[in-house]
1. Any chance you could count how many residues in the range 222-280 are part of a loop (DSSP other than H, G, I, E, B) and out of contact with any Lys or Arg (no Cβ under 6 Å at 6 or more places or on another chain)?
2. Need pairs with beta-carbon distance below 8 Å; first residue within 29 Å of Thr180 (Cβ to Cβ) and not assigned by TED's automatic domain parsing to the domain that holds Leu40 and within the range 132-158, second at pLDDT below 95 and more than 16 Å from the ligand (Cβ to nearest atom); sequence gap 6+ or separate chains.
3. If the requirement is being away from the ligand (no atom under 16 Å from the Cβ) and either touching a strand residue (DSSP E or B) at 6+ places or on another chain (Cβ under 8 Å) or among the small types (Gly, Ala, Ser) (or both), which of these qualifies: Lys119, Lys110?
4. Taking Ile2 as the residue in question, decide whether it is surrounded by fewer than 21 Cβ atoms within 10 Å (Cβ to Cβ) and at pLDDT 95 or above.
5. Being within 11 Å of the ligand (Cβ to nearest atom), of a type outside the set (Val, Ile, Thr) and more than 12 Å from the chain's Cα centre (by Cα) is the requirement here; does Glu187 meet it?
6. Return a yes/no flag: does the range 340-353 have any residue that is in contact (Cβ under 8 Å) with a residue 60 or more places away in the chain, surrounded by fewer than 18 Cβ atoms within 10 Å (Cβ to Cβ) and part of a helix (DSSP H, G or I).
7. Would you please name the residue that is surrounded by the fewest Cβ atoms within 10 Å (Cβ to Cβ), looking only at residues in the range 48-80 that are assigned to a loop (DSSP other than H, G, I, E, B), more than 15 Å from the ligand (Cβ to nearest atom) and at negative phi?
Amino acid sequence: MIPFNKPYYSGKEKSYIAKAMETKILTGDMKMIRDCESLLEKKYSFKKVFLTNSCTMALEMAALIANIQPGDEIILPSYTYVSTANAFALRGAKLIFVDSKMDHPNMDEKLIESLITDKTKAIVVLHYAGVACDFSVIQNLSKKHNLFIIEDAAQCIDAYYTNIPLGTIGDIACFSFHETKNIHCGEGGFIAINNPALLAKSEIVRNKGTNRAAFTRGEVSKYEWMDLGFSSMPSAISAAFLFSQLEKIEKVQKKRLKLWKNYFKKLKPLQKLKSIQLPIVPKFASNNAHIFYFICSSEKERNNLIEFLDSNRIQAVFHYQSLHASPYYKSKHGDRSLPNADKYSQCLVRLPLYYDLQIEEQEFICAKVIEFYSK
Ligand SMILES: *Cc1c(COP(=O)(O)O)cnc(C)c1O
């Protein structure tokens, strides 16, 4: 079976973990964690990075740091992962879901302004497949209506808007190092704080609601409960694993991009025949080759394709189910229809894409997709 994903291994994980174990300091704000954080800060110019044990945790921290209160309204895409929405629902916020674009799963920026009310506190953007939203629109709205921008940048390592790294524009951005992402540590992630006014609070939220960081720096004589917080730090074992992967990011990206481009080239004839719609990368966005997806013409066709590939020992998968239509939020959302989000829920399919995917395996996958459409 060609699986949908195989986690990447740098080969240095074991030796770095052994080194971390020798220090006998496996928890807290130790060197291994700071090494990962400063590498990320330097490479991508984030103002401040805190490693977390997941992107989900980073999003929950973001909602707390932005001081989201019951009744506040949050504008976010419907076509996204549950964690994007759940973090804000946990704070009692009302979720205002926005439809996707006609030609891209990302939220349609043109629809946002009419949904802003005096209760709106933040726009939460998702950059699907690591492809940027149109920040020119979102930044204008944020300034005009005084709204936080929070980026669900889970898929966005080494992805850019014009030349600007994703995750540096929003007030807060959340990344994932889950094993399905380009680089990973099993479960992990980070929160990037770009708005200096949020730094002090984020340090407290990160330290379980205490001023332990100030205590460690010798600024206070004891540490106390200052505010709400989370236990969000990974252990040194995860950080050591991650560091070995961060060192290899260029190598990973080069290989993934090569595979992505080959998929695009091989499947282009199907787009010409109007059988499928290949992914679009707008001029202002880069492609970090996180996902290779395309859009089928119906749900039935998409499901038949997945079944056909499965019978050929290839694991292709669909993706999100629109959150506005989810069992949990359907009745709260009301009856505003979001047809493009529904289309991606029904018709989008993702093909295997990982560092160790062999070129012959990829040729086989393309041949089988083409065979499906020639029947
Ligand atoms: C992977 C992903 C998450 C969740 O990341 P975890 O690190 O598993 O919590 C959230 N949002 C998006 C868009 C993702 O792709």
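The values are calculated or read from the model by the stated rules, or taken from the named source; none is laboratory data. Just so you know, these numbers come straight off a predicted model, no measurement behind them. Glycine gets a Cβ as well: all are built from the backbone with ideal geometry, and neighbour counts include every protein chain shown.
1. Just the residues of the range 222-280 that are part of a loop (DSSP other than H, G, I, E, B), to begin with: 222-224, 226-230, 232-235, 247-248, 273-276, 278-280.
Imposing the further condition that a residue be out of contact with any Lys or Arg (no Cβ under 6 Å at 6 or more places or on another chain) reduces the set to 222, 224, 226-228, 230, 233-235, 247-248, 273-276, 278-280.
Number of matching residues: 18.
2. From the range 132-158, no pairs qualify.
3. Values: Lys110 fails: either touching a strand residue (DSSP E or B) at 6+ places or on another chain (Cβ under 8 Å) or among the small types (Gly, Ala, Ser) (or both).
Matching residue, one of Lys119, Lys110: Lys119.
4. Numbers: surrounded by fewer than 21 Cβ atoms within 10 Å (Cβ to Cβ): yes; at pLDDT 95 or above: yes.
Yes; evaluated as a whole, the condition is true for this residue.
5. Working: within 11 Å of the ligand (Cβ to nearest atom): yes; of a type outside the set (Val, Ile, Thr): yes; more than 12 Å from the chain's Cα centre (by Cα): yes.
Considered against the rule, which asks whether it is within 11 Å of the ligand (Cβ to nearest atom), of a type outside the set (Val, Ile, Thr) and more than 12 Å from the chain's Cα centre (by Cα), Glu187 comes out as yes.
6. In the first step, residues of the range 340-353 are kept if they are in contact (Cβ under 8 Å) with a residue 60 or more places away in the chain; the result is 340-341, 343-345, 348, 350-353.
Next, only the ones that are surrounded by fewer than 18 Cβ atoms within 10 Å (Cβ to Cβ) stay: none.
Within the range 340-353 (the criterion being in contact (Cβ under 8 Å) with a residue 60 or more places away in the chain, surrounded by fewer than 18 Cβ atoms within 10 Å (Cβ to Cβ) and part of a helix (DSSP H, G or I)), the answer is no, since none of the residues qualifies.
7. Step one: filter the range 48-80 for residues assigned to a loop (DSSP other than H, G, I, E, B), giving 53-54, 66-72, 78-80.
Restricting the remaining residues to those that are more than 15 Å from the ligand (Cβ to nearest atom) gives 66-72.
Still in the running and at negative phi: 66, 68-70, 72.
Working: Ala66: 26, Ile68: 23, Gln69: 11, Pro70: 8, Asp72: 18.
Filtering the range 48-80 for residues that are assigned to a loop (DSSP other than H, G, I, E, B), more than 15 Å from the ligand (Cβ to nearest atom) and at negative phi, the one surrounded by the fewest Cβ atoms within 10 Å (Cβ to Cβ) comes out as Pro70.
Residue-by-condition table, conditions (1) at pLDDT below 95; (2) crowded, with 19+ Cβ neighbours inside 10 Å; (3) not acidic (Asp, Glu):
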| position | (1), (2), (3) |
| --- | --- |
| Leu115 | no, no, yes |
| Asp152 | no, yes, no |
| Ile164 | no, no, yes |
| Ser176 | no, yes, yes |
| Ala192 | no, yes, yes |
| Asn195 | no, no, yes |
| Gly209 | no, no, yes |
| Gly218 | no, no, yes |
